[in-house]
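Trainee: Following this message is one structure expressed as structure tokens.
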Amino acid sequence: MARYRYDGTFEGFLCVVARGLDTADESAEFLRPGDVAGVDLFTDVIHEVATERETALRFRERFVAAVSKASFGAARYAFHSQVAGVEALVWRYIRLGLDKGIRLHRMLAEEPVWSVNRLARRVAHEAHKFKGLVRFREVAWSDQTFLYAVIEPDADILSFIAPHFSGRVGDRPWMIHDLRRSQAAVYDLEVWRLIRDIDRIAAPAYTPGEEACARLWRGYFERLAIPERRNPKLQRQHVPVRYRRNLVEFGE
């Protein structure tokens, strides 16, 4: 069994796959930064794979041409679920796709197709939900202001929702900060970028206007509700409790 260490990104994983397909090993172990490799009496070499955008793009083109764009999208969404063992699952899915070609999307009841599609649907659903759950707030920084939002999703969805907000909120610089993964999507009025290893060590300094707006929004949210039609169970289905800590309307 081959063992590979990469940077943990989907582009990096595609580089690993592009390299690993040249070997006869059908199984592989994937290590991210900080992972400690287990002891293996028969495999003691860890292949360090650098992330090269051109390599990842070439492999994407190869897979889409051999299988389909939809199948590649399913692999990408499933990878971003970050569940344990997802690399090995997507690895098998990609190898099967290159073997079966366009027939892959019809093998719905077989593994690993079933599991990849299930994870892809879960991640796509959460990404769609967060397009309505991101709450930007105006923050003062130096002599400027920008919009700042905090999210803590189950999956790594920043790369899926950032293009949506660059189109919808394109007139102000903004940051969507994923606290769970210490990364953020940052928009500078031209393009958005993904920044990793960014932690929040202090509470953001909201502008006075933002604080007033938040109070008005919370008051509106409270008074808009019809007491006779209050349905906490239905509300939890649409807005799970685990998301509410970062929603202005549920704040104090």
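The values are calculated or read from the model by the stated rules, or taken from the named source; none is laboratory data. These numbers come from a predicted model, not from an experiment. Virtual Cβ from ideal backbone geometry, glycine too; neighbours counted across all protein chains shown.
Trainee: Tell me, yes or no, whether the stretch 72-81 has at least one residue that is outside any helix (DSSP H, G or I) and either exposed (fewer than 14 other Cβ atoms within 10 Å of the Cβ) or not aliphatic (A, V, I, L, M) (or both).
Mentor: Scanning the stretch 72-81 turns up at least one residue that is outside any helix (DSSP H, G or I) and either exposed (fewer than 14 other Cβ atoms within 10 Å of the Cβ) or not aliphatic (A, V, I, L, M) (or both).
Trainee: Anything in the stretch 34-52 that is surrounded by 10 or more Cβ atoms within 10 Å (Cβ to Cβ) and at pLDDT below 90? List them, or say none.
Mentor: Result: Asp35, Ala37, Asp40, Thr43, Ile46, His47.
So that you can scan it fast, the table gives a plain yes or no per residue for (1) outside the structural domain of Gly209 (by TED's automatic domain parsing); (2) not aromatic (Phe, Trp, Tyr):
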site: Gly132; (1), (2): yes, yes
site: Asp143; (1), (2): no, yes
site: Tyr148; (1), (2): no, no
site: Pro153; (1), (2): no, yes
site: Ser159; (1), (2): no, yes
site: His164; (1), (2): no, yes
site: Gly167; (1), (2): no, yes
site: Arg172; (1), (2): no, yes
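Trainee: Here's something else I'd like to know. Which members of the stretch 174-223 meet the condition of being within 25 Å of Ala155 (Cα to Cα), of a type in the set (Lys, Arg) and either surrounded by fewer than 17 Cβ atoms within 10 Å (Cβ to Cβ) or in contact with a Pro (Cβ under 8 Å, 6 or more places away or on another chain) (or both)?
Mentor: Arg180, Arg193, Arg196, Arg200
Trainee: Looking only at the stretch 213-230, decide whether some residue is β-branched (Val, Ile, Thr) and modelled with pLDDT of 90 or more.
Mentor: No.
Trainee: What single numbered condition from (1) more than 12 Å from the chain's Cα centre (by Cα); (2) free of Cβ contacts under 8 Å to residues at least 12 places away in the same chain fails to hold for His125?
Mentor: The single condition His125 does not satisfy is (1).
Trainee: Kindly list, by first and then second residue, each pair from a residue in the stretch 98-109 that is free of Cβ contacts under 8 Å to residues at least 60 places away in the same chain to a residue that is of a type in the set (Gly, Ala, Ser) and assigned to a helix (DSSP H, G or I), limited to pairs with Cβ atoms under 6 Å and residues at least 6 apart or on different chains.
Mentor: Gly101/Ala66; Leu104/Ser71; Leu104/Gly97; His105/Ser71
Trainee: Okay, next question. Got a sec? Which of Leu108, Leu89, Leu133 is of a type outside the set (Val, Ile, Thr), at pLDDT below 95 and out of contact with any strand residue (DSSP E or B) (no Cβ under 9 Å at 6 or more places or on another chain)?
Mentor: It is Leu108.
Trainee: Mind counting the residues in the stretch 1-33 that are at pLDDT 75 or above, part of a loop (DSSP other than H, G, I, E, B) and of a type in the set (Ser, Thr, Tyr)?
Mentor: Here the count works out to 3.
Trainee: Still on this structure, I have one more. Checking the structure you have, find out if any residue of the stretch 109-123 is in contact with a helix residue (DSSP H, G or I) (Cβ under 9 Å, 6 or more places away or on another chain), assigned to a helix (DSSP H, G or I) and under 30 Å from Gly251 (Cβ atoms).
Mentor: yes
Trainee: Let me ask something additional. If you go through the stretch 100-119 one residue at a time, how many are closer than 16 Å to Phe79 by Cα, surrounded by fewer than 16 Cβ atoms within 10 Å (Cβ to Cβ) and either outside the structural domain of Ser81 (by TED's automatic domain parsing) or not hydrophobic (A, V, I, L, M, F, W, C) (or both)?
Mentor: Selection size over the stretch 100-119: 2.
Trainee: Are there any pairs with C-beta distances below 8 angstrom linking a residue in the stretch 208-235 that is in the same structural domain as Ala149 (by TED's automatic domain parsing) and without any contact (Cβ under 8 Å) to a residue 60 or more places away in the chain to a residue that is in a helix (DSSP H, G or I) and among the aliphatic types (A, V, I, L, M), with the two at least 6 apart or on different chains, and if so which?
Mentor: Trp217/Val248; Arg218/Val248
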